[in-house]
Amino acid sequence: MPEFNHVKIILTDIEGTTSSISFVKDVLFPYAAENLPVFLRQHHENASVQQQIQATVELAKQEGNDLTSDNLDAIIECLQQWIRDDKKATPLKALQGMIWKQGYEQGDYQAHMYPDATAQLKQWHNNGMPLYVYSSGSVQAQKLFYQYSQDGDLLPLFRGHFDTTSGGKRNEQSYRNILADLQKKHDIAAGNVLFLSDIEEELDAAYDAGLQTCWLIREGDFPATTNHPAVNSFNSIQL
């Protein structure tokens, strides 16, 4: 089992790391796609929704799509195309978070958690280890995920959350941005932060920024050579 030294903060991914990919892929994404048209038509005058509609229009224009904020049908079609393309667009993520909030609160589903992840996160928290989340899902979506988990409200375990407003998860600069934010709150160096993920390219970017890394490989063989110690369970992470 790999042992990590001098860790003062743990930064964790969600999908494929603390929680199954299938829950996000097979439950959350289809729910948002199905409910997005009705949600936007019912709530498009809400200030928070209107902000994301405007952000969608501006991003679409950058891509050559001449949308206008008053053409709701075209905006809905654009967002649904982004969903089909699996585009990590910040306004889409924000709107998905609003729709998921509705689903969580109505009890339509609960977020999946790996039991080993829940147990270890609780232990680290109880031992005083600051825990943070970095996911491509919006901060709002992250908070809902842990608040409405199948293992109860896990949101109090975390000190803070980061999403694509810090940058893409496969970009080294994103981790430098997160580190700068963490250093405002904690007396740490890059090597005091341990990043957990199931995606090698994300780990590569974090490693290049100076963070310690741990590769969660829930199924399959470990790679023969890698910069990242690999485990198949949170139980195998030794601090």
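The values are calculated or read from the model by the stated rules, or taken from the named source; none is laboratory data. Just so it is clear, the structure is predicted and the values come from calculations on it, not from any experiment. Virtual Cβ from ideal backbone geometry, glycine too; neighbours counted across all protein chains shown.
The single condition among (1) more than 20 Å from the chain's Cα centre (by Cα); (2) crowded, with 18+ Cβ neighbours inside 10 Å; (3) farther than 16 Å from Ser136 by Cβ that Asn65 does not satisfy is (2). When the range 102-112 is filtered for residues that are farther than 19 Å from Ser22 by Cα and among the charged types (D, E, K, R), only Glu105 remains. All conditions in (1) touching a residue at least 40 places away in the same chain (Cβ under 8 Å); (2) of a type in the set (Val, Ile, Thr); (3) part of a loop (DSSP other than H, G, I, E, B) hold for Thr68, with the sole exception of (1).
Residues that are touching a Ser or Thr at 6+ places or on another chain (Cβ under 6 Å) and of a type in the set (Asp, Glu) do occur in the range 161-180.
Within the range 14-55, the set of residues being in contact with a helix residue (DSSP H, G or I) (Cβ under 7 Å, 6 or more places away or on another chain) and either of a type in the set (Lys, Arg) or assigned to a loop (DSSP other than H, G, I, E, B) (or both) comprises Ile14, Thr18, Arg41, His44.
For the range 135-193, enumerate the residues that are more than 12 Å from the chain's Cα centre (by Cα), surrounded by fewer than 16 Cβ atoms within 10 Å (Cβ to Cβ) and hydroxyl-bearing (Ser, Thr, Tyr). Listed by number, the list is empty, since nothing qualifies.
Scanning the range 83-102 for residues that are part of a helix (DSSP H, G or I) and surrounded by fewer than 19 Cβ atoms within 10 Å (Cβ to Cβ) yields Ile83, Arg84, Thr90, Lys101, Gln102. Taking residues in the range 137-165 that are within 17 Å of Lys101 (Cα to Cα), and partners anywhere that are of a type in the set (Gly, Ala, Ser) and in a helix (DSSP H, G or I), the pairs with Cβ atoms closer than 6 Å and at least 6 places apart or on different chains are Ser138/Ala94; Ser138/Gly97; Gln140/Gly97; Ala141/Gly97.
Of the residues that make up the range 14-37, is at least one farther than 30 Å from Tyr114 by Cβ and either aliphatic (A, V, I, L, M) or surrounded by 14 or more Cβ atoms within 10 Å (Cβ to Cβ) (or both)? Yes: the range 14-37 contains one or more residues that are farther than 30 Å from Tyr114 by Cβ and either aliphatic (A, V, I, L, M) or surrounded by 14 or more Cβ atoms within 10 Å (Cβ to Cβ) (or both).
To keep it simple, each residue is scored yes or no on (1) within 18 Å of Val24 (Cβ to Cβ); (2) assigned by TED's automatic domain parsing to the domain that holds Gly128; (3) not acidic (Asp, Glu).
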| site | (1), (2), (3) |
| --- | --- |
| Ala141 | yes, yes, yes |
| Leu157 | no, yes, yes |
| Ser166 | no, yes, yes |
| Leu182 | no, yes, yes |
| Glu200 | no, yes, no |
| Leu211 | no, yes, yes |
| Leu216 | yes, yes, yes |
